[in-house]
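The values are calculated or read from the model by the stated rules, or taken from the named source; none is laboratory data. What you see is a predicted model; the values in this text were computed from it and never measured. Glycine gets a Cβ as well: all are built from the backbone with ideal geometry, and neighbour counts include every protein chain shown.
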Amino acid sequence: MTNVKRDGFGSRFGVLVAVAGSAVGLGNLWRFPYMVGTNGGAAFIILYLFFVVLLCLPIMFSEFIIGRRGEANAFGSIKKLAPKSGWLSIGVISVVTSVAILSFYSVVGGWTLEYIFKSFSPAFLSSDGSSLSSQFSNFSQSSFMPVVMHLLFLGISALIVVAGVKKGIERYSKILMPVLFFLVLLLAIRSLTLEGSGAGVEFLFKPDFSKITGQTALAALGQAFFSLSLGMGCIITYGSYVNKKENLFKISFMSAFADTGFAILAGLAVVPAVFAFGISPSEGPSLVFITLPQVFAQLPFGQIIASAFFFILLIAALTSSISLLEVIVAFCTEELKWSRLNSVLITFIVVGVFGSLSSLSQGILSHVTLFGKTFFDLFDYTSSNILLPVGGLLVVTFVGWRMERSNVLDELTSGGTISLKPILFKAIMFIIKYLSPIAILLVLVHSLL
Ligand code: TRP
């Protein structure tokens, strides 16, 4: 297939930055802490880690294998490997899920933007917990600014995707991601040394297994997929840009490790502070926007750190949202043969509308519910807890049962240049064929009961 976009990543570091950039985002710093908070703490984290190793890593290999073999967007890759089959549903799910995720992701991206501006005002950090909490709800429930900020965030992502990802955002990510890491580390240290943070540490590390229900298991599974950008063709799409010699194992391990490290660190930065300031850990999506400003207030140069933090969080969110956009845009350009500009424009309009609905569902549309959920919750819940696991299930089943075994081996060994012991290959195939699909099915079915 000849294709303008098939230029690919230049170096291993480039691939890593792109994949880790996609993985590390609001999922780690915003979603993980509040999911831990609403799903019972340590038991949730243990399940989460278990799913990352047992399920997410095999799915990540699988997506890379499909993408690098198929050399196209998610739909196109499957079409090449299994023409005219039901497997093409993977490609369809990828576009639908991408729209669904972006429709709440860019709203939270908008909140982040707003908080960059807020952090410049000296009054921001002198506020106490309850005024921070009402500040957040007043803002997020209003009808105008959050929608504007959402469109602004989406617009910036769209511009980057039109301009091409490689030279701009990746170059900056290489510098900003490590800086973000150190900032979150600093916050974690401050949060852990706050008086009364001990209860938070206990909440994070002392598991109460009676808290594990079908729903928490599904939430942990969904969060693992969400955080690692799995189950909707994102890594298939990025995989199609990966050099044939690259070691797919190594990239997968390193990205998963970096992403999980970020999530745990974010948990350490947020949860002990939640307890120290007497906030409820089950506060939900507003959690980081209320607790972190209080931690900033406890730091020297808090205001500068606050601005830097929200700015870098914005960058982390952008490197993720562009990967979501890229899934849709790669589909529209390669399958529908639209121009890149038109593809981005139409995606912007569609997500702009859905995202505005989910933003408004925090306020004036909060009474409009579907299956008992507001638009925001519906997009969030359905994508992470249903679409991503189903997508992941299809992906591993495809690689395990439909792809030629020799092609899978060829990809895993990068055309025979990497040695892989036959027994190890057998073990991987066993996990991909049986273990992962059965485990995902069990969690899905169990949560429905
Ligand atoms: N992983 C990103 C985060 O944690 C979000 C994201 C980017 C994503 N691409 C994805 C989630 C693909 C699911 C699927 O913020």
Within the range 184-206, the residues that are surrounded by fewer than 17 Cβ atoms within 10 Å (Cβ to Cβ) and in contact with a helix residue (DSSP H, G or I) (Cβ under 7 Å, 6 or more places away or on another chain) are 185, 195, 196, 199, 201, 205, 206
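Please enumerate the residues belonging to the range 410-435 that are of a type in the set (Gly, Ala, Ser) and closer than 21 Å to residue 68 by Cα.
Kept after step one, since they are of a type in the set (Gly, Ala, Ser), are these residues of the range 410-435: 414-416, 419, 427.
If the condition is that a residue be of a type in the set (Gly, Ala, Ser) and closer than 21 Å to residue 68 by Cα, then 414, 415, 416, 419 are the ones that fit.
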Give the range 160-198 a look and list any residue that's within 19 Å of residue 326 (Cβ to Cβ) and at pLDDT 90 or above, or say none. none
May I ask you to verify whether residue 418 is touching a residue at least 60 places away in the same chain (Cβ under 8 Å) and not in a helix (DSSP H, G or I)? yes
Considering the range 281-308 alone, what residues qualify as being part of a helix (DSSP H, G or I) and of a type in the set (S, T, N, Q)? 282, 291, 294, 303, 307
Assuming residue 83 fulfils every condition listed in (1) closer than 23 Å to residue 410 by Cα; (2) part of a helix (DSSP H, G or I) apart from one, which condition is it? (2)
Complete set of residues in the range 310-329 that are at pLDDT 90 or above and either of a type in the set (Gly, Ala, Ser) or touching a strand residue (DSSP E or B) at 6+ places or on another chain (Cβ under 9 Å) (or both): 317, 320, 321, 323
Could you tell me which residue of the range 184-243 is nearest to the ligand (Cβ to nearest atom), considering only residues that are closer than 30 Å to residue 441 by Cα, over 20 Å from the mean Cα position of the chain (by Cα) and assigned to a helix (DSSP H, G or I)? 204
From the residues in the range 250-298 that are out of contact with any Gly (no Cβ under 7 Å at 6 or more places or on another chain) and aromatic (Phe, Trp, Tyr), which one is farthest from residue 30 (Cα to Cα)? 253
Checking the condition away from the ligand (no atom under 16 Å from the Cβ), of a type in the set (Gly, Ala, Ser), within 29 Å of residue 437 (Cβ to Cβ) and at pLDDT below 95, which residue from 21, 10, 14, 40 passes? 40
Which number in (1) within 30 Å of residue 95 (Cα to Cα); (2) away from the ligand (no atom under 16 Å from the Cβ) marks the one condition that residue 300 misses? (1)
Does residue 363 count as outside any helix (DSSP H, G or I) and either farther than 25 Å from residue 143 by Cα or touching a residue at least 60 places away in the same chain (Cβ under 8 Å) (or both)? yes
Do you know which residues across the range 305-328 are over 16 Å from residue 152 (Cα atoms) and more than 10 Å from the ligand (Cβ to nearest atom)? 305, 306, 307, 308, 309, 312, 328
